[in-house]
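These notes are about the structure you will find just below.
Nothing in this text is a laboratory measurement; each read-out follows from the coordinates by a stated rule. Every value quoted in this text rests on a predicted model; they were computed, and no experiment measured them. No Cβ is skipped: glycine too gets one built from the backbone with ideal geometry, and neighbour counts run over all protein chains shown.
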Amino acid sequence: MSRWRREEGSTLIMMVGVIAVLAILAVTLVVVTTNAEHTTMRDRERAKAFNVAEGGLDMALYSLAGAWPDSAGVVPVVDPVAFREQFDATEYPDPGTGDFVAVDFYDDLEPVNKQVQWDSNENGIMWIESQAGVGGKAARIRTQVQRQSIGVSTLVPGVAVYSGGNALMTGSSAVLGPMVGGQPTAGFFVNGNLERGWSCDLSQVSRQIAGDEIWPQLPGGRQTVGATVPPLSDFMPDDVVQSLVSASQLAQNGGTEISQSSPGFSWPYGCNYTSPVVVRGNLSIGSEGTYNFTSLWVDGNLSIGGNTRVNCTALHVGGSLTIGGGAQSQSFGPTWVGGNVVFGGNQRFDVPLLVTEGNITFSGTQYVGGDGVGSNPKPAMFLCVGQNKTVTYNQGSGQFVGVVANMGGPFNMPGGRGDHRDVVGAVFAVGSVSLTGNTGIAYDPTVINNFAGSVTTTAKIVADTWQELQPL
């Protein structure tokens, strides 16, 4: 019995030891967890600082596109308040805690001189540098950007209509052009047969027809012309077409990702994004308001309707672009569309360049390409590059000022305004051209000449110049 009495309390000692070990393990776990949390927070702040700096770079790129600094004192401004609005309130760094974003513009001089904040050597290249700080962590990046001027200065003048196939004119349709000394200054080129009705008017244009001209007033109603008609590539060279395709693809596949339910995409009063926006899917804008974007990239379809106004400096639509609704003004920068383009309703469009791989259909009443023909009509270039695609122009009282070119199929005009000025400029088609009813195309040299002066300034990142720098 005495042996057991000598071991009394041993269990308590063991329990105290176990508790001590557990306490040490618990403290160690707390320390490890705290350190891990701090490390994760630092990594998150470092990543957030980098993302904010990259966002500042994107915003600066589009600021340069809108106001290239080609003289001293003309410095683009990145508004930090507008910049913060592009981020979720819980994600953007808080300036009250010392967090910041700062963007610098300076010329590409050797050695670097950040005081020269304009393109002093006139080579069209600048540096953009963006630095951001979040939670004590900072990131600093920079890249060179190059100025681009988009115009159609190489467009061959003097062509009212070019048909790569047959041409059909019925009713009282007409192709018009200015006369000098009683002689036409614009041509109607048909690389096939031309068939026209009694009342169709071609008196103001010269005709070059590769096949037969079929007209009731001709002896026998038909005669073979057999003129040599140049290929369409003589008027719309491949390099010009490719440059237009490239110029239309300026929207950025990156930036703030949004959807119709995103904070800041406020219905029904519109939105105001001052940095590039991306939609990974379809986007439908159909409520009242004005929706302002810089670069807008939509992976899927874009639909615009209702009493809605949309403004953007560059637009990419991977699917179809459909626009209808009330009498509003739509202003797009260079636009590329992968699917069909449908313009309906009653709208006015300021679109310097639109390129699509799908069909183009006009209906309703649209005014495209400026306010009219004058000293600066701001002409539009609509270019279809898809194979076996159709451009259909069937409007009421609207008007298209500029050039419509279908490089993969026919051009059809079944309805129009009644004064033969439905398209003021020129029409090109690799396929047939059909004008029916009281429709018409009016060649105007002012419009064609204004393509050289209708220049859109954009900016793009120079390849292999992106750098991550040590934060200041």
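Packing-wise, with mean Cβ within 10 Å as the measure, how do 399-405, 352-358, 307-313 rank, highest first? Display every interim value, and only then the final one.
On the way: 399-405: 25.0, 352-358: 23.3, 307-313: 19.9.
Highest to lowest by the protection proxy: 399-405, 352-358, 307-313.
Taking 0.36 nm per residue of sequence separation and subtracting the Cα-Cα distance, how much length would be gained by fully extending the chain between residue 419 and residue 397, in nm to one decimal?
7.0 nm
Name the chymotrypsin sites (Phe, Trp or Tyr not before Pro) in segment 180-262 that are in a loop by DSSP and that have at most 13 other C-beta atoms within 10 Å, would you? Could the numbers behind the result be given before it?
Details: sites: 188, 189, 198, 235; in loops: 198, 235.
Here the sparse-neighbourhood loop sites are 198.
According to the square roots a ≥ b ≥ c of the eigenvalues of the Cα gyration tensor, what is the shape class of segment 305-358, taking rounded for a/c under 1.5, prolate for a/b larger than b/c otherwise, and oblate for the remainder? Present the calculation step by step, with values, prior to reporting the outcome.
Numbers: a/c = 2.13, a/b = 1.38, b/c = 1.54.
Oblate.
Along segment 177-185, what does the Karplus equation 6.51 cos²θ - 1.76 cosθ + 1.60 (θ = phi - 60°) give for ³J(HN,Hα), rounded to whole Hz, x for Gly and Pro?
x, x, 10, 10, x, x, 10, x, 10
Please list, in chain and number order, the residues 5+ apart from residue 348 or on another chain whose amide H is under 5 Å from its amide H, with Hs placed from the backbone.
Those qualifying (amide H under 5 Å, at least 5 residues apart or on another chain) are 328, 329, 330, 367.
Grab the Cα-Cα distance for residue 272 and residue 67, subtract it from 0.36 nm times how many residues apart they are, and report the gain in nm with one decimal. Write out the running numbers ahead of the final one.
On the way: separation 205, 0.36 × 205 = 73.80 nm, distance 1.88 nm.
Once the chain is fully extended between residue 272 and residue 67, it gains 71.9 nm.
Sticking with the crude label model, points 7 Å out along Cα→Cβ, report the distance from residue 198 to residue 307 in nm, one decimal please.
4.9
Search the structure for amide H atoms under 5 Å from the amide H of residue 428, placed 1.01 Å from N in the peptide plane, and list their residues when 5 or more places away or on another chain.
HN-HN under 5 Å from residue 428: 162, 404, 405, 406.
Would any residue of segment 274-304 have its amide N under 19 Å from a label point 7 Å out along Cα→Cβ of residue 259? List them or say none.
It comes to 277-287, 297-304, nothing else.
Expected output is a single nm value to one decimal: the length gained when fully extending between residue 100 and residue 462, i.e. 0.36 nm times separation in residues minus the C-alpha distance. What is it?
127.7 nm
Tell me the label-point distance for the pair residue 227, residue 249, using the 7 Å Cα-to-Cβ offset, in nm and rounded to one decimal.
3.7
Using Cα positions and a limit of under 26 Å, work out the lysines in reach of residue 137, with same-chain residues fewer than 8 apart set aside.
Of all the lysines, those that pass the test against residue 137 - Cα under 26 Å, at least 8 places apart if same chain - are 48, 114.
Within a 10 angstrom radius of the beta carbon, how do 316, 420 rank from fewest other beta carbons to most?
The order, fewest Cβ neighbours first, is 420, 316.
Which lysines does residue 389 reach when only Cα atoms under 28 Å apart count, and residues fewer than 8 places away in its own chain are ignored?
378
Which of rounded, prolate, oblate describes segment 376-448, given a ≥ b ≥ c as roots of the alpha-carbon gyration tensor eigenvalues and a/c under 1.5 marking rounded, otherwise prolate only if a/b is larger than b/c?
Oblate shape, in that a/c is at least 1.5 and b/c is the bigger or equal ratio.
Rounded, prolate or oblate: which fits segment 275-323, taking a ≥ b ≥ c as square roots of the Cα gyration tensor eigenvalues, rounded meaning a/c under 1.5, else prolate when a/b beats b/c?
oblate
Around residue 148, which amide H atoms from residues at least 5 apart in sequence, or from another chain, sit under 5 Å from its own amide H, with H modelled in the peptide plane?
458, 459, 460
Any idea how far apart residue 329 and residue 19 come out in nm if each label point goes 7 Å out from Cα toward Cβ?
8.1
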